[in-house]
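Asker: Pasting a structure here, questions to come.
The values are calculated or read from the model by the stated rules, or taken from the named source; none is laboratory data. These numbers were taken from a predicted model, which means no experiment stands behind them. Every residue, glycine among them, receives a Cβ derived from its backbone with ideal geometry; neighbour counts consider all protein chains shown. Note: areas computed on protein heavy atoms with side chains; ligands, DNA, RNA excluded. Shrake-Rupley method; radii C 1.70, N 1.55, O 1.52, S 1.80 Å.
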Amino acid sequence: MTNLTDKMIDAALPHVAFDGWSQATFEAAMEDSGAVPAAAKAAFPRGAVDLALAFHKRGDAQMVAALKTRDIYDMRFRDRVAHAVRLRLELAEPHKEAVRRGTTLFALPLYAADGAKAVWGTCDAIWDTLGDMSEDYNWYTKRSILSAVYGSTVLFWLGDESEDHAATWDFLDRRIDNVMQFEKVKGATLNNPMFAKVFAGPLWALGKVKAPSKLSRSDLPGQWRDPSAS
């Protein structure tokens, strides 16, 4: 992130609790940070909406940096995932009201796609940092499932008044356990010869779905492998 972005985010946070991620907050952030209005508007074309997204992305970057300093590889993999989600929320704790206001903003139909993309980005960062090497449709299913877990955990965390958020971490563990049970069922189903025979067509199609190439355009969700190249 640029120095301007960090300055704008830091200047905005004291105002978000009162005015939300609004135009009033954006203008106050420009004034308090000493940013040149033209530069700030160029960096955040949609004003407070883009500033809220920058705040979210900064949280993701902080989580990744913190994860890389932790010795987590003796943990079970499900515990690594839970640890990453918990770490993301613990880092956001000092600015919980800003997260609450952001959740409200991105619940609006106009910005719902931005909110979904932000959550997906968080889960993608978690999987990448934990070393996910998926190259097929599993790349998408892992991030989709974790997005649901992360989103529901954030909502629970926002309303949690238990000591040290103990109820939230219990909730998170239950959601992760649900995912692990689903993965076991999925694995058993895919290994069933009868299932493979009946759903040969859909399974063939799934086999052609590829994870996004790191060298491909970043605005595309993935790529389709040409069957003739097989």
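Asker: Which residue, chosen from ALA113, PRO37, ASN3, occupies the Cα position most advanced towards the positive end of the dipole of the stretch 3-129, where the dipole is computed from +1 (Lys, Arg) and -1 (Asp, Glu) charges on Cβ about the Cα centre?
Answerer: Positive-most Cα among the choices belongs to ALA113.
Asker: Turning to a different aspect of this structure: Charges only on Cβ, +1 for Lys and Arg, -1 for Asp and Glu: so what's the dipole of the stretch 1-101 about the Cα centre, in debye to the nearest 20? Provide the component values of the computation, followed by the final result.
Answerer: On the way: 15 positive and 14 negative charges, 102 e Å.
Around 500 debye, computed over the stretch 1-101.
Asker: What are the aspartates and glutamates whose alpha-carbon lies under 16 Å from the alpha-carbon of LYS57, with same-chain residues fewer than 8 places away excluded?
Answerer: Output for LYS57: ASP6, ASP10, GLU90, GLU93, ASP114, ASP124, ASP128.
Asker: Now, a different point. With a 1.4 Å probe and every protein chain left in place, work out the accessible area per residue of the stretch 18-94 in Å², rounded to a whole number.
Answerer: Values: 3980 Å² over 77 residues.
Averaged over the residues of the stretch 18-94, the accessible area is 52 Å².
Asker: Let me ask something else about it. Could you give the size of the charge dipole of the stretch 30-158 about its Cα centre, using +1 on the Cβ of each K and R and -1 on the Cβ of each D and E, expressed in debye and rounded to the nearest 20?
Answerer: Numbers: 17 positive and 16 negative charges, 41 e Å.
That gives a dipole near 200 debye.
Asker: May I pose another question? Which of the aspartates and glutamates could a cross-linker bridge to LYS96, judged by Cα under 13 Å and excluding same-chain residues fewer than eight apart?
Answerer: ASP160, GLU161
Asker: Another question about this same structure. Using only the heavy atoms of the protein chains and a 1.4 Å probe, how would MET8, MET75 rank by accessible area, largest first?
Answerer: If we order MET8, MET75 from most to least accessible, we get MET75, MET8.
Asker: Turning to a different aspect of this structure: Please report, in debye to the nearest 20, how large the charge dipole of the stretch 78-145 is about its Cα centre when each Lys and Arg carries +1 at its beta carbon and each Asp and Glu carries -1 there.
Answerer: Using Cβ point charges on Lys, Arg, Asp and Glu, the stretch 78-145 gives about 280 debye.
Asker: Percent of Cα-Cα pairs per 5 Å bin, from 0 to the last occupied bin, for the stretch 1-125, please list those.
Answerer: P(r) for the stretch 1-125, in whole percents per bin: 2, 11, 20, 21, 19, 13, 7, 4, 2, 1.
Asker: With every protein chain left in place, what is the accessible area of LYS142 in Å² (1.4 Å probe, nearest 10)?
Answerer: 60
Asker: While we're here: With every protein chain kept in the model, how would you rank ILE126, ILE145 by accessible area, 1.4 Å probe, largest at the top?
Answerer: On the way: ILE126 0, ILE145 45 Å².
These residues rank, largest area first, as ILE145, ILE126.
Asker: Can you put ARG143, ARG78, ARG70 in order of accessible area, largest first, using a 1.4 Å probe?
Answerer: ARG70, ARG78, ARG143
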